[in-house]
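**Student:** Sharing a structure with you now.
The values are calculated or read from the model by the stated rules, or taken from the named source; none is laboratory data. Only a predicted model underlies this, so the values are computations on that prediction, with no experimental measurement involved. Cβ: placed from backbone, ideal geometry, glycine included. Neighbour counts: every protein chain shown.
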Ligand SMILES: C[S@@+](CC[C@H](N)C(=O)[O-])C[C@H]1O[C@@H](n2cnc3c(N)ncnc32)[C@H](O)[C@@H]1O
Ligand code: SF4
């Protein structure tokens, strides 16, 4: 904040947008800019120690980096190709990646498993069975473990879904994006609105416990009318959960500009919140996406555990497959960024690590503050004290005083509260807030040096 001229922050922001880093603004330190290799021996030692701890809670994320084609808004790593031979090789590599850790994962019961992508529902029944054998060989989970798969409506059929159910899937998330056929066409989706309803019929017939959809705001061509259509159709479809994402443009997205209607994203978000909560849904999460769950669904099992647990930065998650992130209290790292590199390294007998950071005590504090702001917009004083054994004012008095003076933050007896408007939550304004007020000066200096910013 207070430490660097405004133009430094602006230049880092442009860099973050250019390199598709902006979506990582809730992860601290901003490790995507660090690009430092960490030794496999440290990764093994730390993972081993964690998995031996009693009561260690950990999720598992497996990235499936393949799609049939590339959607214009997509920021995720996925190869735009699909051949059974590549999937077979990927499955071989996944099995080998787990073996290469050389540790016993079976002492703990996983809290959740997430098959994300890309499009995991493109697997054939045989490939899902192979995946199932891998998961069952190395990991333990039980009926309480939330096991989710992501998919596209057109890739759902009863044969592959039955096999996913055999694997233990109890939650499915279908990307619908918009309930307007011309918007779907414009962004390169391979399904129509009708396909979504047909896919849901299959999912309900097969009996996957929790069903949900993704939609996205900010695509070109959307108007208040198309958003109304989306909300009405979503209510008619009646999934257990609805996740609404704010489109974040970046290096991997073909679409380079966010398109709110006029510039009034806030009113669109308010519209989603008001109409869904008036029609049987409860807002359970308001961060980089809005998470809604049906009021009639009891408990938390339909909610995205991956978000709740990992993003509040107190739980751990192991990431497998290319371009996946693993997060433990002591370390965070990313695997090889492409399928080719991932497979090449595994064939050489190496853990396919890309880069990562070790967390220091100051990092953990800042990371906690950033994730509280990003996901909850408040920070309970007692939680901070319980975690770090000091009052937050002891560590960040200058920042808090400044933010209170500017009206961004207010203080109550037990909490600090952030007064952002909706659009600041998923985008550049939030990124700038984090960078200005919560980044340790040494990281700003490091980024400036690395990218020759002055
Ligand atoms: C891994 S992706 C896609 C899953 C599946 N392949 C599909 O297309 O439906 C999960 C969700 O992230 C959201 N998403 C993708 N790119 C995004 C971006 N640039 N900004 C915000 N959300 C994005 C989309 O809503 C998408 O459904
Ligand atoms: S949105 Fe889904 S289907 Fe489209 S490119 Fe991204 S991961 Fe693939």
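**Student:** Buried (at least 19 other Cβ atoms within 10 Å of the Cβ) and without any contact (Cβ under 8 Å) to a residue 12 or more places away in the chain: does that describe residue 366? Steps first, answer last, please.
**Tutor:** Values: buried (at least 19 other Cβ atoms within 10 Å of the Cβ): yes; without any contact (Cβ under 8 Å) to a residue 12 or more places away in the chain: no.
No; evaluated as a whole, the condition is false for this residue.
**Student:** Filter the range 181-193 down to the residues that are in contact with a helix residue (DSSP H, G or I) (Cβ under 7 Å, 6 or more places away or on another chain) and part of a loop (DSSP other than H, G, I, E, B), then identify the one that is nearest to ligand 2 (Cβ to nearest atom).
**Tutor:** Filtering first and then ranking leaves 190.
**Student:** Considering only residues that are over 17 Å from residue 84 (Cα atoms), away from ligand 2 (no atom under 16 Å from the Cβ) and free of Cβ contacts under 8 Å to residues at least 60 places away in the same chain, which ones fall in the range 145-162?
**Tutor:** Within the range 145-162, 145, 147, 157, 158, 161, 162 qualify.
**Student:** (1) within 14 Å of ligand 2 (Cβ to nearest atom); (2) in a loop (DSSP other than H, G, I, E, B); (3) at pLDDT 80 or above: which one isn't true of residue 63, the others all being true?
**Tutor:** (2)
**Student:** Within the range 170-180, identify whether any single residue is surrounded by fewer than 19 Cβ atoms within 10 Å (Cβ to Cβ) and either within 16 Å of ligand 2 (Cβ to nearest atom) or in a helix (DSSP H, G or I) (or both), and answer yes or no.
**Tutor:** no
**Student:** Oh, and also: When residues of the range 120-130 are filtered for being buried (at least 23 other Cβ atoms within 10 Å of the Cβ) and either within 16 Å of ligand 2 (Cβ to nearest atom) or in contact (Cβ under 8 Å) with a residue 60 or more places away in the chain (or both), how many remain? I'd like the intermediate steps shown before the answer.
**Tutor:** Residues of the range 120-130 buried (at least 23 other Cβ atoms within 10 Å of the Cβ): 120-121, 123, 128.
Add one more test, that the residue is either within 16 Å of ligand 2 (Cβ to nearest atom) or in contact (Cβ under 8 Å) with a residue 60 or more places away in the chain (or both), and what stays is 120-121, 123.
Matching residues across the range 120-130 total 3.
So that you can scan it fast, the table gives a plain yes or no per residue for (1) under 22 Å from the mean Cα position of the chain (by Cα); (2) surrounded by fewer than 22 Cβ atoms within 10 Å (Cβ to Cβ); (3) within 16 Å of ligand 1 (Cβ to nearest atom):
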position: 143; (1), (2), (3): no, yes, no
position: 150; (1), (2), (3): yes, yes, yes
position: 191; (1), (2), (3): no, yes, yes
position: 195; (1), (2), (3): no, yes, yes
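**Student:** Separate question: Taking residue 71 and the conditions (1) within 11 Å of ligand 2 (Cβ to nearest atom); (2) farther than 18 Å from residue 155 by Cα, which numbered condition does it fall short on, given that it satisfies the others?
**Tutor:** Result: residue 71 passes all but (2).
**Student:** Which residues, taken from the range 383-397, are exposed (fewer than 11 other Cβ atoms within 10 Å of the Cβ) and in a helix (DSSP H, G or I)?
**Tutor:** The initial filter retains those residues of the range 383-397 that are exposed (fewer than 11 other Cβ atoms within 10 Å of the Cβ), namely 386, 389.
386 - this is the single residue of the range 383-397 that is exposed (fewer than 11 other Cβ atoms within 10 Å of the Cβ) and in a helix (DSSP H, G or I).
**Student:** Let me ask something else. When you go through 349, 356, 374, 321 one by one, which is the residue that is modelled with pLDDT of 90 or more and surrounded by 20 or more Cβ atoms within 10 Å (Cβ to Cβ)?
**Tutor:** 321
**Student:** For the range 122-145, state whether one or more residues are assigned to a loop (DSSP other than H, G, I, E, B) and within 17 Å of residue 335 (Cα to Cα).
**Tutor:** No - not one qualifying residue is present in the range 122-145.
**Student:** Can you tell which of 87, 98 is in a helix (DSSP H, G or I), away from ligand 1 (no atom under 16 Å from the Cβ) and in contact (Cβ under 8 Å) with a residue 24 or more places away in the chain?
**Tutor:** Numbers: 87 fails: away from ligand 1 (no atom under 16 Å from the Cβ).
Answer to the check: 98.
**Student:** Which one is nearest to the chain's Cα centre (by Cα) among residues in the range 204-229 that are buried (at least 20 other Cβ atoms within 10 Å of the Cβ) and over 18 Å from residue 303 (Cα atoms)?
**Tutor:** Among residues in the range 204-229 that are buried (at least 20 other Cβ atoms within 10 Å of the Cβ) and over 18 Å from residue 303 (Cα atoms), the one nearest to the chain's Cα centre (by Cα) is 217.
**Student:** With respect to residue 208, determine if the residue is within 15 Å of ligand 1 (Cβ to nearest atom), in contact with a helix residue (DSSP H, G or I) (Cβ under 7 Å, 6 or more places away or on another chain) and over 30 Å from residue 369 (Cβ atoms).
**Tutor:** Answer is no for this residue.
**Student:** So for the range 272-288 (the condition being within 16 Å of ligand 2 (Cβ to nearest atom), under 27 Å from residue 182 (Cβ atoms), modelled with pLDDT under 80 and surrounded by 19 or more Cβ atoms within 10 Å (Cβ to Cβ)), does at least one residue qualify?
**Tutor:** Checking the range 272-288: at least one residue is within 16 Å of ligand 2 (Cβ to nearest atom), under 27 Å from residue 182 (Cβ atoms), modelled with pLDDT under 80 and surrounded by 19 or more Cβ atoms within 10 Å (Cβ to Cβ).
**Student:** Among the candidates 56, 82, single out the residue that is within 14 Å of ligand 1 (Cβ to nearest atom), at pLDDT below 90 and surrounded by fewer than 22 Cβ atoms within 10 Å (Cβ to Cβ).
**Tutor:** When all the criteria are applied, what remains is 82.
**Student:** Only one residue in 137, 68, 75 is out of contact with any strand residue (DSSP E or B) (no Cβ under 9 Å at 6 or more places or on another chain), under 22 Å from residue 317 (Cα atoms) and within 11 Å of ligand 1 (Cβ to nearest atom), so which one is that?
**Tutor:** Going through 137, 68, 75 in turn, the sole match is 75.
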